[in-house]
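The values are calculated or read from the model by the stated rules, or taken from the named source; none is laboratory data. On a predicted model such as this, the values are computed, not experimentally measured, just so you know. Neighbour counts are summed over all protein chains in view; Cβ atoms, including those assigned to glycine, are modelled from backbone coordinates with ideal geometry. Only protein heavy atoms, including side chains, enter the accessible area calculation; ligands, DNA and RNA are left aside. Shrake-Rupley method; radii C 1.70, N 1.55, O 1.52, S 1.80 Å.
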Amino acid sequence: MLIRLGYDVVFDLPVACPMLLMLYVHPSRSANLLQPDNLRTEPDLPIENYIDSFGNRVGRILAPPGRLRLWNETLVEDNGLPTEQAPAAEQWPVEALPPEVLSYLLASRYCEVDCLADLAWDLFKNTQPGWDRVQGVCNFVHNHLRFDYQQARSTRTAADANRARVGVCRAVTHLAITFCRALNIPARYATGYLGDIGVPLSPSPMDFSAWFEVFLGGRWYTFDARFNEPRIGRVLMARGRDAVDVALTTAFGVAKLQQFTVVTDEALPASGGR
């Protein structure tokens, strides 16, 4: 399967502003790219690229005052398979976990593990540790939170979302991650492209989305509490502890968003001629 990816984002900057841009396909998917994944800017600016501590590719710019346009279009090859399912995947005890995953058991900016630990055990103590327990978390969060774009709020934490019972995909993901960590299951935040591929077309087409990954049976698996079903065409951009670590754009100053367009559609392969 071929997936056409792209975005067109415009900011208005009253003064010069340093920015970090996490708008690339994740390095783990770079081998699937059939076209260059080059961030373009208008005006044309030098971009410093680096890999952060979570393995994400980041662009760094100093944007001048005025209109700033960020855009790109690329083509990625995907296996076209739904999200992998592994019901037999086991939960490892904390003392057996690799050191590099231990940080994904801890509280973070949007995931207040300490605040929700008692509730997590009350809700899921009767579930089987491992895959079944994570699926139980997804089932609860999927039904507990009402998805509403109009209720999006950048400061909403997992505990806030649990109380308000509303949020967008980042709030849904933060709550699921927090419950998993409270249950001693390493969980990390993921963001990327997720189009309406293999599902009925939505009046509000999908574009960028958030989901999460858990460490079970010695490896990471993808879960999505918002949709709570296997999906096709998920293209990872970044991973981290929570949304703080994977912000698509971070401005160290005032940057007023003027336009935000995303494309993530199945593309037809080029037909061969005689």
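Please build a GNM for the chain, connecting alpha carbons under 10 Å apart, and tell me which residue among I232, I185, I177 fluctuates the most. Looking only at I232, I185, I177, the biggest GNM fluctuation is shown by I232. Projecting the Cα atoms of N162, L236, W211 onto the charge dipole of the chain, computed from C-beta unit charges around the Cα centre, puts N162 farthest toward the positive end. Between P186, P18, P99, the residue with the greatest mean-square fluctuation in the GNM of the chain (Cα pairs under 10 Å linked by springs) is P99. If you restrict to DSSP beta bridges whose two residues both lie in the chain, what percentage is antiparallel, to the nearest 5? Of those bridges, close to 95 percent are antiparallel. Full extension of the chain between E42 and M1 gives 11.6 nm of extra length, using 0.36 nm per residue less the Cα-Cα distance.
What trypsin sites (Lys or Arg not before Pro) in region 155-196 are in a loop by DSSP, with at most 14 other Cβ atoms within 10 Å of the Cβ? Passing both the DSSP loop test and the Cβ count: R165. Note on the chain: with a GNM built from Cα contacts shorter than 10 Å, the maximum mean-square fluctuation among N184, N72, N38 falls on N38. Per the Kirkwood formula applied to alpha carbons, region 47-160 shows a radius of gyration over Rh ratio, Rg over Rh, of 1.04. Here the simple spin-label model places points 7 Å from the Cα toward Cβ, and for L34 and R67 these points are separated by 3.3 nm. Using R0 = 35 Å, the C-beta based FRET efficiency linking D12 and H144 works out to 0.40. The value given for the chain is a Kirkwood hydrodynamic radius of 19.7 Å, derived from the mean inverse Cα-Cα separation. Here the calculated FRET efficiency for Q128 and F260, from their Cβ-Cβ distance with R0 = 41 Å, stands at 0.50, rounded to the nearest 0.05. Solvent-accessible surface of region 54-152, taken per residue with a 1.4 Å probe and all protein chains present: 56 Å². Among W92, T127, P46, which residue has its Cα furthest toward the positive end of the charge dipole of region 1-130, with +1 on Lys/Arg Cβ and -1 on Asp/Glu Cβ? Farthest towards the positive end: P46.
The charge dipole of the chain, taken about the Cα centre with unit charges on the Cβ atoms of Lys, Arg (+1) and Asp, Glu (-1), comes to about 360 debye, rounded to the nearest 20. Rounded to two decimals, the Cα radius of gyration of region 1-91 over 2.2 N^0.38 Å is 1.37. Between D118 and L268, the C-beta separation translates, for a Förster distance of 45 Å, into a calculated FRET efficiency of about 0.30. Here region 118-274 is treated as a Stokes sphere of Kirkwood radius computed over C-alpha pairs; at 37 °C and 0.692 mPa s its diffusion coefficient rounds to 194 µm²/s. By how many degrees, between 0 and 90 and to the nearest 10, does the Cα long axis of helix 113-124 differ from the longest principal axis of the chain? Around 60 degrees separate the two axes. Charged neighbours of N79, selected by a Cβ distance under 14 Å, balance to -1 (K, R count +1; D, E count -1).
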